[in-house]
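The values are calculated or read from the model by the stated rules, or taken from the named source; none is laboratory data. The shown structure was predicted, so the numbers you read here are calculated from the model rather than taken from an experiment. No Cβ is skipped: glycine too gets one built from the backbone with ideal geometry, and neighbour counts run over all protein chains shown.
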Amino acid sequence: MAKMTERIKGTFEKVENVILATATKDGVPNAVPIGAKKIIDDETILISDQFLNKTLNNMKDNPQVAVTFWSGFEGYQFKGTITIETSGERFEETAKWIDEMGKAMNFPLKSKGAVIMKISEIYGVSPGPGAGKKIA
């Protein structure tokens, strides 16, 4: 597994949205913006599923995903494998977090699942000679 540095974690936490990329079993790509995300540990992130449809179907058929995010001229891409939790303590915590987020926005939100991504590789996507290079 690849580990996020403090700098990578800071950028991930600072950005409002990330892009989650999935593909069907046959390789048809899909990419969606995600706002409900958080870090679990140096190798794991959580994404809450409120509205995932094609993306959810893709992840059930093909658990390999990528997450890309950037702020200004600094950006990263995670590649890894997901699991989907629809019950248990972590799901309940996620459901409560999303419910509170919705109340704060005055827009009802309900989490259908906690998508847990184990990061296997990290790439730089910042412009310049290091763009696209594996960094962890």
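The condition of being under 18 Å from GLU6 (Cβ atoms) and of a type outside the set (Val, Ile, Thr) holds for only one of GLY72, GLY80, that being GLY72.
Of the residues making up segment 86-106, just one is free of Cβ contacts under 8 Å to residues at least 40 places away in the same chain and aromatic (Phe, Trp, Tyr), namely PHE91. For segment 21-62, filtering for residues that are hydroxyl-bearing (Ser, Thr, Tyr), surrounded by fewer than 18 Cβ atoms within 10 Å (Cβ to Cβ) and within 13 Å of the chain's Cα centre (by Cα) leaves 1. Between GLY88, GLY72, GLY80, which is small (Gly, Ala, Ser), surrounded by fewer than 14 Cβ atoms within 10 Å (Cβ to Cβ) and modelled with pLDDT of 95 or more? On inspection, the qualifying residue turns out to be GLY88. Residues that are assigned to a strand (DSSP E or B) and over 20 Å from SER111 (Cβ atoms) within segment 1-29 comprise ALA21, ALA23, PRO29, listed in sequence order. Of the residues LEU46, LEU52, the single one that is within 15 Å of THR81 (Cα to Cα) and either assigned to a strand (DSSP E or B) or among the aliphatic types (A, V, I, L, M) (or both) is LEU46.
If you scan segment 69-120, which residues turn out to be in a strand (DSSP E or B) and among the β-branched types (Val, Ile, Thr)?
Matches in segment 69-120: THR81, ILE82, THR83, ILE84, VAL115, ILE116, ILE119.
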